[in-house]
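Participant: Sharing a structure here in structure tokens format.
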Amino acid sequence: MPTTTELVLTSRGGSAGEAMRIAERFEGRGLTMRVVGECNSSCANYLLPLARRLIVEPGAVIVIHGGIDPSLISRTQAAANGMADSGVDLEAIAAQQRAFMNRNGINPGWLLYREAGSTAVERLDGAWADFDANTKAWLVEETMARSCLPNTIVEYQIDRRGEWLGESRRRALRRQNVARSNTVVCN
């Protein structure tokens, strides 16, 4: 029986399929996951929902941009416009993601799930901060994390100045076209 009780995460993300294969090893383990630095994209999508307890250290960020959904698949197919594909079977990854979500009770809002041809995200309410046409990803703040990960104890830690994330880091994220989750919650 594995004895690991805590994972320390710092990842910019990566392949959705590979991330789910890694995450499957932690299903049902009730681990504490500690984010230091960043847990973005596939790290956030597939590891964090498995946590019993999530600790986000001061200055650490969780950034999401969505999973593999019908909207992404249709946009990718349209962009390819008959050209040779990359060899990635998005339909198979989407099926793997659906099964992963169902097994682990993941709210579609956490993965920014959209139907084909839609920009509306299912199962989210509220307003993003700093959102505009250039936004590429979203910074997950504590309110969103708590609502989207209801079976997880979520702790955003603060530094000696009483801040989780300093203003200079927020500005840097904004320059990278990352909007803040603000009042957005999963429903």
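Participant: Say the dipole of the chain comes from +1 at the beta carbon of Lys and Arg and -1 at that of Asp and Glu; which of 182, 30, 158 then lies farthest toward its positive end?
Facilitator: The listed residue farthest towards the positive side: 158.
Participant: If you place +1 on the Cβ of every Lys and Arg, -1 on the Cβ of every Asp and Glu, and leave all else neutral, what size is the dipole of the chain about its Cα centre, to the nearest 20 Debye?
Facilitator: For this selection, approximately 360 debye.
Participant: Once the Cα gyration tensor of the range 6-186 is found, what semi-axes does its equivalent ellipsoid get, as square roots of 5 times the eigenvalues, in whole Å, sorted largest first?
Facilitator: So the equivalent ellipsoid measures 26, 20, 15 Å along its semi-axes.
Participant: Contour minus end-to-end for residue 8 and residue 132, with contour as 0.36 nm per residue of separation and end-to-end as the Cα-Cα distance? Each step should come with its number before you reach the end.
Facilitator: On the way: separation 124, 0.36 × 124 = 44.64 nm, distance 3.24 nm.
Here the answer is 41.4 nm.
Participant: Using θ = phi - 60° and the Karplus relation 6.51 cos²θ - 1.76 cosθ + 1.60, list the HN-Hα couplings for the range 135-141 in order, rounded to whole Hz, with x at every Gly or Pro.
Facilitator: These are the phi-based 3J(HN,Hα) values: 4, 10, 7, 10, 7, 7, 8 Hz.
Participant: A follow-up question, please. Residue 143 label point, 7 Å along Cα→Cβ, cut-off 14 Å on backbone N: hits in the range 153-187?
Facilitator: 180-187
Participant: Starting from the amide H of residue 124, placed 1.01 Å from N in the peptide plane, find each other amide H under 5 Å away whose residue is 5 or more places distant or on another chain.
Facilitator: When sequence neighbours closer than 5 places are left aside, the close amide H contacts are 187.
Participant: Amide H to amide H under 5 Å from residue 35: which residues, 5+ apart in sequence or cross-chain, H placed 1.01 Å off N in plane?
Facilitator: Counting only residues 5 or more places away or on other chains, the set is 9, 55, 56, 57.
Participant: Where the centroid of each part is defined by its Cα atoms, how far is the range 114-187 from the range 13-76 in Å?
Facilitator: 14
Participant: Still on this model: Go ahead and run the numbers for FRET between residue 102 and residue 161, Cβ-Cβ distance against an R0 of 30 Å, rounding to 0.05. Numbers along the way, then the final one.
Facilitator: Values: r = 42 Å, r/R0 = 1.40.
E between residue 102 and residue 161, to the nearest 0.05, is 0.10.
Participant: Okay, moving on. Which whole-Hz ³J(HN,Hα) couplings does the range 151-160 yield from phi under the Karplus relation 6.51 cos²θ - 1.76 cosθ + 1.60, θ = phi - 60°, glycine and proline marked x?
Facilitator: Values per residue, Gly and Pro as x: 9, 10, 7, 9, 10, 8, 8, 10, 8, 5 Hz.
Participant: What residue among 17, 126, 59 has the largest mean-square fluctuation in a Gaussian network model of the chain, using Cα springs under 10 Å?
Facilitator: 126
Participant: Label-point separation (nm) for residue 151 and residue 24, each offset 7 Å from Cα along Cα-to-Cβ?
Facilitator: So the label points at residue 151 and residue 24 sit 1.8 nm apart.
Participant: Quick check on the chain: helices-only [θ] at 222 nm, where DSSP H runs of length 4 and up contribute -39,500 (n - 2.57) each and the sum goes over total residues. Nearest 500, please. Each step should come with its number before you reach the end.
Facilitator: Working: 5 runs with 51 residues, N = 187.
Taking each H run of at least 4 residues, the total per residue is -8000 deg cm²/dmol.
Values in this text are rule-based calculations from the coordinates and carry no lab data. All values reported here derive from a predicted model rather than from experimental measurement. Positions of Cβ are generated from backbone atoms using ideal geometry, with glycine treated the same way; all protein chains shown enter the neighbour counts.
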